[in-house]
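The structure appears right after this line, and notes come after that.
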Amino acid sequence: MDLKAIELIETITLHKDNFEPKIFEKGTVLKVIMPTPTSLLVSDDDGFSFTVALDQEDKIWHKL
């Protein structure tokens with residue numbers, strides 16, 4: 001897979017104890033750092049990274 005970036009097609013909110021929720025709006029473009037067998041490690045422009053599940057393609061995100 002030579003995927004460089006994805007775009008969110010739904011807004012997602014990430015929650016972590018003792019931190020404010022991080023919201024990524026629909027239309028946000030994220031850089032793909034590394035694929036895993038079940039997900040993609042992605043990063044925003046600020047360097048914040050997280051994973052998105054491969055089975056959510058065309059539901060939450062799509063390839064660019």
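Within 10 Å of each candidate Cβ there may be at most 16 other Cβ atoms; applying that plus a DSSP loop requirement, which chymotrypsin sites (Phe, Trp or Tyr not before Pro) in the chain survive? Walk me through the numbers on the way to the answer.
Working: sites: Phe19, Phe24, Phe48, Phe50, Trp61; in loops: Phe19, Phe48.
Counting only loop positions with at most 16 other Cβ atoms within 10 Å, the chymotrypsin sites (Phe, Trp or Tyr not before Pro) in the chain are Phe19, Phe48.
Name the longest site-free stretch of the chain, where the excluded sites are trypsin sites (Lys or Arg not before Pro) in a DSSP loop with no more than 14 other beta-carbon atoms within 10 Å.
Values: sites that count: Lys4, Lys16, Lys26, Lys59.
Counting at most 14 other Cβ atoms within 10 Å as exposed, the longest clean stretch of the chain is 27-58.
Which percent of Cα pairs goes in each bin when the distances of the stretch 5-63 are cut into 5 angstrom slices starting at zero?
Here the calculated profile for the stretch 5-63 is 4, 19, 31, 28, 14, 5, 0.
Counting other Cβ atoms within 10 Å of each Cβ, which GluC sites (Glu not before Pro) in the chain have at most 15 and sit in a DSSP loop? Before the final figure, lay out each step's value.
Values: sites: Glu7, Glu10, Glu25, Glu57; in loops: Glu10, Glu25.
Of the GluC sites (Glu not before Pro), the ones in loops of the chain whose Cβ has at most 15 other Cβ atoms within 10 Å are Glu10, Glu25.
Springs between alpha-carbon atoms under 10 Å, Gaussian network over the chain: tell me which of Leu41, Leu14, Leu30 tops the mean-square fluctuations.
Its mean-square fluctuation being the largest, the pick is Leu14.
When the chain is treated as a GNM, springs tying every alpha-carbon pair under 10 Å, which of Thr51, Thr36, Thr11 comes out with the largest mean-square fluctuation?
Thr36
Laboratory data are not the source of any read-out in this text; all were calculated from the coordinates shown. Nothing here was measured: the structure is a model prediction, and the numbers come from that model. Note that we place each Cβ from the backbone using ideal geometry, even for glycine, and neighbour counts take in every protein chain shown.
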